[in-house]
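Engineer: I am attaching a structure below and will ask some questions about it afterwards.
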Amino acid sequence: MVKVYFEKDASLTPLKNKTITVIGYGSQGHAQAQNLRDSGLNVIIGLRKGGESWKKAQKDGFKVYEISEAAEKADVIFVLVPDMAQPEIYARDIAPHLHEGKTLDFAHGFNIHFKQIVPPKNVDVIMVAPKSPGIRLRETYQAGFGVPALVAVYQNPSGMAMETALAVAKALGCTRAGVIETTFKDETESDLIGEQTVLVGGLIELIKNGFDVLVENGYPPELAYFEACNEAKLIMDLIYQKGIIGMLRAVSDTAKYGGLTVGPKVIDEHVKENMRKTVKNVQNGSFAKEWVEEHKSGEKRLKALMEEIEKHPLEQVGKFIRKTSGIEK
Ligand code: NAD
Ligand code: MG
């Protein structure tokens, strides 16, 4: 069983009288910085001079510095810029200011696990990864609760790294909802495998293929959109709230029987085989290598794939339906 920590298991003491530098003021950065400050901690922000985020962070009442200066002032450095931007920022603006006693904190393990960032042995390296977008992390904190998070320690020269990670999780509000101990390896790999096989990759293809097959058999695209895409949210909401069994109890007996008997023929053993190949490519680092190279060469393939999806009939009819039905403002 995994270890789960709650409020009583964590103390803010390791962060008291420390300077916390949050680098980046995007989804996670703005939420984490404000939650930490509202928990009584001393937070400054490190950003590129003149960027959009600079004004926003200042407006929210933070002292903002250039990344290098903010890293120098810090005891604990939160690296909350996009994953693909981290290695360059780390090498140029953070690494020169690392020395014994400092802590590096990440919200995702990619760069550490795949060695895109290799910190010196004398700094603590931790991860606190809230399991939600930043906006939800902030909202639930303000409502007096929190979102669950994962915590991990990569290296621990101070002997205090887990205490620091739990203090961060507590200050973010996450120990109210429960914090699961993991490793950089497990968080990074399971995150990539999950988003590729199920959450992003799997769902897109399932929805798109379902839509295509309905349309190629002569059903109107509008009808196909409702069946293959729009209703997927309603089903997922039920699964989220009550589990698969709760969802099954809520749909018709016809849907139960058809779903349970035909589903395994559609998503069959060969899909599972493909998922296993995905796992291999994540674990052996070949996906990470491919993505880092794609990023370095200007993300041309990613841009082309985005354009292709945007042109798909599902997206065209979806745009129309969401507008006319008031789903998309
Ligand atoms: P984001 O894209 O919202 O962050 C943007 C911020 O980084 C902005 O302040 C921007 O000005 C700055 N930035 C972007 N490129 C930069 C560059 N080249 N140089 C300097 N600053 C730059 O990022 P995010 O989604 O908050 O992700 C931050 C970390 O949190 C990542 O490790 C991510 O995996 C992790 N994470 C994100 C979420 C999420 O829901 N967004 C959830 C859990 C963990
Ligand atoms: Mg992910």
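The values are calculated or read from the model by the stated rules, or taken from the named source; none is laboratory data. Because the structure is predicted, anything quoted here is derived from the model rather than measured. All Cβ positions, glycine included, derive from the backbone under ideal geometry; neighbour counts span all protein chains shown. Surface areas here come from the heavy atoms of the whole protein model, side chains and all, with no ligands, DNA or RNA. Shrake-Rupley method; radii C 1.70, N 1.55, O 1.52, S 1.80 Å.
Engineer: Go through segment 227-270 and give me each residue that's loosely packed, with under 10 Cβ neighbours inside 10 Å and outside any helix (DSSP H, G or I).
Structural biologist: Ser252
Engineer: Quick one: what pairs do we get from segment 193-206, first residue in contact (Cβ under 8 Å) with a residue 24 or more places away in the chain and open to solvent by 70 Å² or more (accessible area, probe 1.4 Å), second small (Gly, Ala, Ser) and away from ligand 2 (no atom under 11 Å from the Cβ), C-beta under 8 Å, 6+ apart or different chains?
Structural biologist: Leu203/Ala232
Engineer: Which one of these does Ala57 not meet: (1) within 11 Å of ligand 1 (Cβ to nearest atom); (2) open to solvent by 20 Å² or more (accessible area, probe 1.4 Å); (3) in a helix (DSSP H, G or I)?
Structural biologist: (2)
Engineer: Of (1) touching a Leu at 6+ places or on another chain (Cβ under 9 Å); (2) within 22 Å of Tyr154 (Cβ to Cβ); (3) of a type outside the set (Gly, Ala, Ser), Arg92 satisfies all except one. Which?
Structural biologist: It fails just one condition, (1).
Engineer: Output the residue which, of all residues in segment 60-85 that are acidic (Asp, Glu) and outside any helix (DSSP H, G or I), is farthest from Ala169 (Cα to Cα). Quick ask: steps written out before the conclusion?
Structural biologist: Taking segment 60-85 as the starting set, the residues that turn out to be acidic (Asp, Glu) are 60, 66, 69, 72, 75, 83.
After this cut, where a residue has to be outside any helix (DSSP H, G or I) as well, the list is 60, 66, 75.
On the way: Asp60: 22, Glu66: 26, Asp75: 17 Å.
Among those residues, the one meeting the criterion is Glu66.
Engineer: Scan segment 14-41 for residues that are touching a strand residue (DSSP E or B) at 6+ places or on another chain (Cβ under 9 Å) and within 16 Å of ligand 2 (Cβ to nearest atom) and report the count.
Structural biologist: 1
Engineer: Out of (1) touching a Leu at 6+ places or on another chain (Cβ under 9 Å); (2) open to solvent by less than 10 Å² (accessible area, probe 1.4 Å), the odd one out for Gly46 is which?
Structural biologist: It fails just one condition, (1).
Engineer: Shifting gears a bit: For segment 16-27, name all the residues that are buried (at least 24 other Cβ atoms within 10 Å of the Cβ) and either hydroxyl-bearing (Ser, Thr, Tyr) or in a helix (DSSP H, G or I) (or both).
Structural biologist: Scanning segment 16-27 gives Thr21, Tyr25.
Engineer: How many residues does segment 292-314 hold that are assigned to a helix (DSSP H, G or I) and either open to solvent by less than 60 Å² (accessible area, probe 1.4 Å) or of a type in the set (Phe, Trp, Tyr) (or both)?
Structural biologist: Going residue by residue through segment 292-314, those that are assigned to a helix (DSSP H, G or I) are 292-296, 300-311, 313-314.
Those left that are additionally either open to solvent by less than 60 Å² (accessible area, probe 1.4 Å) or of a type in the set (Phe, Trp, Tyr) (or both): 292, 294, 304, 314.
Number of matching residues: 4.
Engineer: Does segment 101-110 contain any residue that is open to solvent by 10 Å² or more (accessible area, probe 1.4 Å) and within 16 Å of ligand 2 (Cβ to nearest atom)?
Structural biologist: yes
Engineer: Of the conditions (1) loosely packed, with under 11 Cβ neighbours inside 10 Å; (2) touching a helix residue (DSSP H, G or I) at 6+ places or on another chain (Cβ under 8 Å), Glu273 clears all except one; give me its number.
Structural biologist: Here Glu273 clears every test but (2).
Engineer: State which residue is nearest to His99 (Cα to Cα) when the search covers only segment 132-155 and only residues that are surrounded by fewer than 16 Cβ atoms within 10 Å (Cβ to Cβ) and of a type outside the set (Val, Ile, Thr).
Structural biologist: The first filter runs over segment 132-155 and keeps only residues surrounded by fewer than 16 Cβ atoms within 10 Å (Cβ to Cβ), leaving 133, 135-136, 139, 142-145.
This time we only want the ones that are of a type outside the set (Val, Ile, Thr), so: 133, 136, 139, 142-145.
Working: Pro133: 31, Arg136: 34, Glu139: 35, Gln142: 35, Ala143: 38, Gly144: 36, Phe145: 35 Å.
Checking each candidate, the answer is Pro133.
Engineer: Let me ask something else. Please give the number of the condition Ser325 fails out of (1) open to solvent by less than 90 Å² (accessible area, probe 1.4 Å); (2) at pLDDT 95 or above; (3) not aromatic (Phe, Trp, Tyr).
Structural biologist: Condition (2) is where Ser325 drops out.
Engineer: Taking segment 189-213 only, how many residues are within 16 Å of ligand 2 (Cβ to nearest atom) and in a helix (DSSP H, G or I)?
Structural biologist: Selection size over segment 189-213: 15.
Engineer: Quick test for you: out of Val151, Val118, pick the one residue that is in the same structural domain as Pro14 (by TED's automatic domain parsing), in a loop (DSSP other than H, G, I, E, B) and farther than 18 Å from Arg37 by Cα.
Structural biologist: Details: Val151 fails: in a loop (DSSP other than H, G, I, E, B).
Only one candidate passes the filter, namely Val118.
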